Amino acid sequence: MNQEILKKYAKFLVKDCLKVKNGQPLLIVGSKVIESFANIVKEEAEKLNIGEVFLLLKDSFAEREMFLTKSYEECIKSPLLDRSLYNLIAEKNGTILNLNSPIPHINDGVSPELLQKLAVEMERRIPKFREKQRKGELPWCIAAVANPYWAKEILPNEIHAERTLWESIFNICYIYEDDPGAIWEQYFDTLKCRCDLLNEMKIHSLHYKGSNGTNITFELPEDYIFASAKDHDYVCNMPSLELFTTPKKDGVNGIVYSSKPLFYNGIKINDFYLRFEKGRIVEASAKENNDYLQRLIDTDEGSHYLGEISFVDFDSKINQSGILFEMTLYDENACCHLAIGKGFSECFVDGPNKSLDELKSMGMNHSLVHVDFMIGTKDLNITATLKNGEEKVLMQEGKLVF
């Protein structure tokens, strides 16, 4: 892959997405399989006169070997799972760039119970980071990086799969354009206008219905806010095509069917449904890796409820690529999605300035996890019921109409 375009992407992530300030430290998180690109990011970041740049590159293959041969007690003592840099960067008021680069099947054969326990433990180890993230005080961004394992999995018929994957990432993120940052800012302005319309509607509930069986209603909190990438000074997800909010914890009723696979802890959970009563998941089943789905739901009390609902046009740029990326960052921005677990403080009036207890009293769910899964289809319809009883169609046949 052309080094200059890789450098342009790296600079774009640090300057235009994270918007790292002079003197502000940066933590780059990723995997050793993308070490060469992580070093390009580090070099480009240091040219911008920011603060100290840290690298945290996990050894996914060493982790797999440990998971297969060691006990939970042995795993949590391993330096392979050291996450102290997250809290350090939070203490230093820094920023985090997560370079997401899946390795398919990396956890095949690993105990689902072990993976779930370790996922919970990893969350418990970074409280300072999560608290600042919840309050919007710590800029962070997740972006995709191609690797040969991922590329071959999703593009099995491509001779130069990794190069083709890189090209898809660059096309979706407008990296081949003269000023991708300006293009995204213009797009984010459009998202902001749509959020303003939704917030002015005074919505009581939203009804999602599709021919695949999805038939579900979400009541919104009294002080709800629809948010988008424009609601921060930085870009959390690149790409980011969604409008999202947090539903009222006990206000979800009905059934929803997945439209794309969910990849959680490196495991593919596919062809599943969830049924809700008064917000709680009361029934769930997956045709592929159902045991992993059940363990996800049983992570804690909050993982039995939802933390996010979203709007994304089904004809999004990602869907138009024709690629199932098998990675949440891209697949969630291809169509409408929901998320099991924690809600967002920014989806409540003055939410970032509220305590967790105050947010809970306003209807926000809280959990150690936040796991997105895709439900959008080409015939999904969404209707809003306003507080005055009026109904408004917001999505028709997978297309936003407001």
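The values are calculated or read from the model by the stated rules, or taken from the named source; none is laboratory data. Values in this document were obtained by computation on a predicted structure and should not be read as measured data. With ideal geometry, Cβ positions are generated from the backbone for all residues, glycine too; neighbour counts draw on all protein chains shown. Keep in mind that these areas ignore ligands, DNA and RNA; they rest on the heavy atoms of the full protein, side chains included. Shrake-Rupley method; radii C 1.70, N 1.55, O 1.52, S 1.80 Å.
Points to keep in mind about this one:
- Residue selected from the range 224-236 under the condition at pLDDT below 95 and open to solvent by 10 Å² or more (accessible area, probe 1.4 Å), by the criterion nearest to residue 348 (Cα to Cα): 231
- Being surrounded by 18 or more Cβ atoms within 10 Å (Cβ to Cβ) and at pLDDT below 90 is a property that holds for residue 136.
- Screening the range 325-402 for strands (runs of 3 or more DSSP E) wholly inside it with 1 or more residues that are polar (S, T, N, Q) and out of contact with any Gly (no Cβ under 6 Å at 6 or more places or on another chain) returns the ranges 381-386, 391-396.
- Among the residues of the range 286-331, the ones that are more than 19 Å from residue 268 (Cα to Cα) and of a type in the set (Val, Ile, Thr) come to 3 in all.
- Within the range 178-236, the set of residues being part of a helix (DSSP H, G or I) and of a type in the set (A, V, I, L, M) comprises 182, 183, 191, 197, 198, 229.
- Complete set of residues in the range 222-251 that are of a type outside the set (A, V, I, L, M, F, W, C) and in contact with a Cys (Cβ under 8 Å, 6 or more places away or on another chain): 224, 228, 230, 231, 234, 237, 239, 245, 246
- When residues of the range 142-164 are limited to those that are touching a Lys or Arg at 6+ places or on another chain (Cβ under 9 Å) and closer than 23 Å to residue 38 by Cβ, the one surrounded by the fewest Cβ atoms within 10 Å (Cβ to Cβ): 162
- For the range 256-307, the candidate set comprises residues that are touching a His at 6+ places or on another chain (Cβ under 7 Å) and within 20 Å of residue 119 (Cα to Cα); within that set, the residue that is surrounded by the most Cβ atoms within 10 Å (Cβ to Cβ) is 307.
- For the range 18-38, filtered to residues that are under 16 Å from residue 100 (Cα atoms) and out of contact with any Leu (no Cβ under 8 Å at 6 or more places or on another chain), the residue that is most open to solvent (accessible area, probe 1.4 Å) is 36.
- Residues (of a type outside the set (Asp, Glu), modelled with pLDDT of 95 or more and open to solvent by 50 Å² or more (accessible area, probe 1.4 Å)) located in the range 350-369: 360, 361, 366
- For the range 39-83, filtered to residues that are polar (S, T, N, Q) and touching a residue at least 24 places away in the same chain (Cβ under 8 Å), the residue that is surrounded by the most Cβ atoms within 10 Å (Cβ to Cβ) is 60.
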